[in-house]
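Trainee: Encoded as structure tokens, here's the structure I'll be asking about.
The values are calculated or read from the model by the stated rules, or taken from the named source; none is laboratory data. What you see is a predicted model, and the numbers here were worked out from it, not measured in a lab. Counting neighbours? That spans all protein chains shown, and the Cβs are built from the backbone with ideal geometry, glycine included.
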Ligand SMILES: Cc1ncc(C[n+]2csc(CCOP(=O)(O)OP(=O)(O)O)c2C)c(N)n1
Ligand SMILES: [Mg+2]
């Protein structure tokens, strides 16, 4: 047996059941031999993004693992690694390396030399004797502290060298260790929340990742505080709940905007509070409380008044207990806040109703979103957006209910991530209907992974907004390049392309056809058949931005 076999045995002992990959990397064969199913994507970036999708819906109970080849494979994977870094997703990336004595020789590509700015941890295996300790460090980094890609570069000759048959026996699986804020900070945070006249809870992806959604709901109830979720946190709080303000990235709901701009205490939980075009601004005048497990995220882009450094679930458990203690039997009435949210929401929705119920042809983007929202079993589905207008249009309007019924992503925001992300989510939850809403531009980046979905049986549905261009960019953007040279124009019969790749392609041109198409898609996916709905749509430019 060799080093790759040893790594495969360690992965197996860690409960890894499948490997996202693109040949060639000898680890793929070693994994197959120990019963870890390799699924080959059509490009390395997609394989990384599928691992990302798998990790996102597993809350650190299981991790996406990806193997790609040295040089071209490692280079091509980088976009996916960067995206997982942007969103703090814990994934294990195992790129092949060159021969050890070539690592510093130009023009050889080396992950340890090049991935530095976009990884949580990064090392190479330089001696077979280091495999167990490198893998222990990797799994410890996946399980502990903030998320992010963990990379172990597999130097070709080192990992091909013989090791003893019991080499993996020396591997010890690292445990999870969580920390929580000091009790004085919890006491102070609870007091701020209860003394606020207009508190808002800002829930980030860390609430989902730490499995703290029940505690979040309880804190909101006790303190009568409404909940806003970031894009990454979308689905951490049931958006059907009257205390939900909805989610926000670049766009958001009217009620979220109103409350975020008028709150006096903002309690951010499981959030890095990263300032990004794909996030709402933190109110300047509110008292800011931040919980994060990453010390480098504290006071990063914002002045934090009170820091709660630690695991979000442990923090929330402590906060719920302390808030209950300070309330001392008192019950906060949320009726006034609920009524205000409902009133603002009604006015905001009234403004959007003409688009959400539009009968126009080509289809209006918002009508497509309304049909998705109304024709899915939201509790048992997983929906994601792709980059650009699909994301900015759907985030405020799709109703996320149960944890992970929506996967919100994107700071570096790679076009085309939606397909592989949903394949990864489907691997984690084969019983859930997984839907990706993307544009025709995004399809160009990962459309061939519709074939991966069809071949692997991880059957997902893609709703493609086929508008022949980029609605993301306003008509005034790059007018000469656009009008004289057709930059951003494109065409495709995507249903036909999907059929050619083993999926079912459904073309939709009228609003009335959408419900049937979505119902067929759910049926077909449940039979293991991948689906692409080619929705002939418009260049809708209106966004719920404030
Ligand atoms: C890899 C990558 N390159 C470029 C971009 C910039 N970008 C964001 S949205 C967009 C246009 C997307 O067009 P399409 O998918 O057709 O969606 P539409 O805007 O038409 O709804 C581009 C180019 C990106 N997000 N990712
Ligand atoms: Mg488009």
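Trainee: Got a number for residues in the range 520-530 being surrounded by fewer than 18 Cβ atoms within 10 Å (Cβ to Cβ) and either within 16 Å of ligand 2 (Cβ to nearest atom) or not in a helix (DSSP H, G or I) (or both)?
Mentor: 2
Trainee: Among the residues of the range 498-517, are any within 17 Å of residue 439 (Cα to Cα), part of a helix (DSSP H, G or I) and assigned by TED's automatic domain parsing to the domain that holds residue 439?
Mentor: Looking for residues that are within 17 Å of residue 439 (Cα to Cα), part of a helix (DSSP H, G or I) and assigned by TED's automatic domain parsing to the domain that holds residue 439, one finds at least one in the range 498-517, hence yes.
Trainee: If I filter the range 64-78 down to residues being outside any strand (DSSP E or B) and touching a strand residue (DSSP E or B) at 6+ places or on another chain (Cβ under 6 Å), which single residue comes out as farthest from ligand 2 (Cβ to nearest atom)?
Mentor: Filtering the range 64-78 for residues that are outside any strand (DSSP E or B) and touching a strand residue (DSSP E or B) at 6+ places or on another chain (Cβ under 6 Å), the one farthest from ligand 2 (Cβ to nearest atom) comes out as 70.
Trainee: Looking for whichever is under 26 Å from residue 380 (Cβ atoms), surrounded by 14 or more Cβ atoms within 10 Å (Cβ to Cβ) and within 16 Å of ligand 1 (Cβ to nearest atom) here; the options are 506, 497, 533. Which one fits?
Mentor: Exactly one residue qualifies, and that residue is 533.
Trainee: Just one of 53, 35, 46 is surrounded by fewer than 20 Cβ atoms within 10 Å (Cβ to Cβ) and modelled with pLDDT of 95 or more; which is it?
Mentor: 35
Trainee: Can you find a residue that is under 19 Å from residue 186 (Cβ atoms) and touching a residue at least 40 places away in the same chain (Cβ under 8 Å) anywhere in the range 276-284?
Mentor: No, there is no match, as no residue in the range 276-284 is under 19 Å from residue 186 (Cβ atoms) and touching a residue at least 40 places away in the same chain (Cβ under 8 Å).
Trainee: Okay, next question. Looking only at the range 207-235, which residues are part of a loop (DSSP other than H, G, I, E, B) and farther than 16 Å from residue 273 by Cα?
Mentor: Selection gives 210, 211, 212, 224, 225, 226, 235.
Trainee: Tally up the residues in the range 413-431 that are more than 16 Å from ligand 2 (Cβ to nearest atom) and within 19 Å of residue 20 (Cβ to Cβ), please.
Mentor: 11
Trainee: Can you confirm whether the range 319-328 contains a residue that is within 29 Å of the chain's Cα centre (by Cα) and either more than 20 Å from residue 207 (Cβ to Cβ) or part of a helix (DSSP H, G or I) (or both)?
Mentor: Yes, the range 319-328 contains a residue that is within 29 Å of the chain's Cα centre (by Cα) and either more than 20 Å from residue 207 (Cβ to Cβ) or part of a helix (DSSP H, G or I) (or both).
Trainee: Okay, next question. Within the range 205-228, count every residue that is within 22 Å of residue 339 (Cα to Cα) and in contact with a helix residue (DSSP H, G or I) (Cβ under 8 Å, 6 or more places away or on another chain).
Mentor: Adding up the residues that qualify gives 10.
Trainee: Report those helices (runs of 4 or more DSSP H) wholly inside the range 351-432 carrying at least 1 residues which are away from ligand 1 (no atom under 16 Å from the Cβ) and under 26 Å from residue 41 (Cα atoms).
Mentor: Qualifying helices (runs of 4 or more DSSP H): 418-428.
Trainee: Among the residues of the range 433-459, write down those that are within 16 Å of ligand 2 (Cβ to nearest atom), surrounded by fewer than 24 Cβ atoms within 10 Å (Cβ to Cβ) and not in a helix (DSSP H, G or I).
Mentor: 447 - this is the single residue of the range 433-459 that is within 16 Å of ligand 2 (Cβ to nearest atom), surrounded by fewer than 24 Cβ atoms within 10 Å (Cβ to Cβ) and not in a helix (DSSP H, G or I).
Trainee: A follow-up question, please. Would you mind listing the helices (runs of 4 or more DSSP H) fully within the range 79-192 where at least 2 residues are assigned by TED's automatic domain parsing to the domain that holds residue 43 and within 23 Å of residue 38 (Cβ to Cβ)?
Mentor: Helices (runs of 4 or more DSSP H) meeting the threshold: 131-143, 156-160.
Trainee: OK, next. Please identify the pairs in which a residue from the range 365-393 that is touching a residue at least 60 places away in the same chain (Cβ under 8 Å) and at positive phi has its Cβ atom under 9 Å from the Cβ atom of a residue that is in a helix (DSSP H, G or I) and within 16 Å of ligand 2 (Cβ to nearest atom), counting only partners at least 6 apart or on another chain.
Mentor: 388/441; 388/442
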